[in-house]
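Derivation of every value follows stated rules applied to the coordinates shown; laboratory data play no part. What you see is a predicted model, and the numbers here were worked out from it, not measured in a lab. Note: ideal-geometry Cβ built from the backbone for every residue, glycine included; neighbour counts use all protein chains shown.
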Amino acid sequence: MSNNDELSYWLPAVHFHERHDATMSAASPAHIIAALKSFDIQQDPVVRTLMSLRQLPQRLLTKSPPDFTLSRFTELETTADSSTQGLIGRFWQPDMGLESIADVQAWQNFHAADCARLILKNRVIARPEGNYQVITETFIYCPTQRIYRKMQLYWLFIRIASGWIRKRTLKQVARSLHNN
């Protein structure tokens, strides 16, 4: 299945897209995928600060919102050289309006006109030099024009920070793989 075919399986269309990549060394693509999936973004002080700023509106409304980690995503598919995770919510709201989606079947069956769908896709490609190109991409689908407009405004505000978080994550994962 090509990357586009696979993506259309999870999302009917893509309205927002972000891509970052890095070169990494590891024993295998599976080691890189495992490191990406287990990485705790809260361990990076810059990312923790950015996420705290993102959660500030929610902190003003509630005592202590849960930290935003990869555990909030639904595991959709993992192979030896890729992983696909999904998130459904109202990302522009102070609490992000995240829906609890238990598994792939729940993801496929969940339809709400007031929620955007986000796919986080990680791919590992072997390079002739013996290392790997690691690509992380975010794809977002908005089911209505109203949700698209809300997401567009939110995307304008968070895109730079989101990209910085992804770049730092790739850098930290590469460092951890190098040190092991």
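What is the angle, in °, between the Cα long axis of helix 29-38 and the longest principal axis of the Cα atoms in the chain? Nearest 10 is fine, range 0 to 90. Taking the Cα atoms of the chain, the angle to 29-38 is about 40 degrees. In the chain, the longest principal axis of the Cα atoms and the axis of helix 45-61 are about 20 degrees apart.
Taking the Cα centroid of region 110-156 and of region 6-25, what is the distance between the two, rounded to the nearest whole Å? Answer, in whole Å: 5. Against the chain, whose longest principal axis is taken from its Cα atoms, helix 145-179 shows a tilt of about 30°. The magnitude of the dipole of the chain, with charges of +1 and -1 set on the Cβ of Lys/Arg and Asp/Glu and taken from the Cα centre, is near 740 debye. Computed across region 98-171, the Kirkwood radius stands at 14.8 Å (inverse of mean 1/r, all Cα pairs).
Remark: spin-label model distance residue 125-residue 153 equals 3.7 nm, labels positioned 7 Å along the Cα→Cβ axis.
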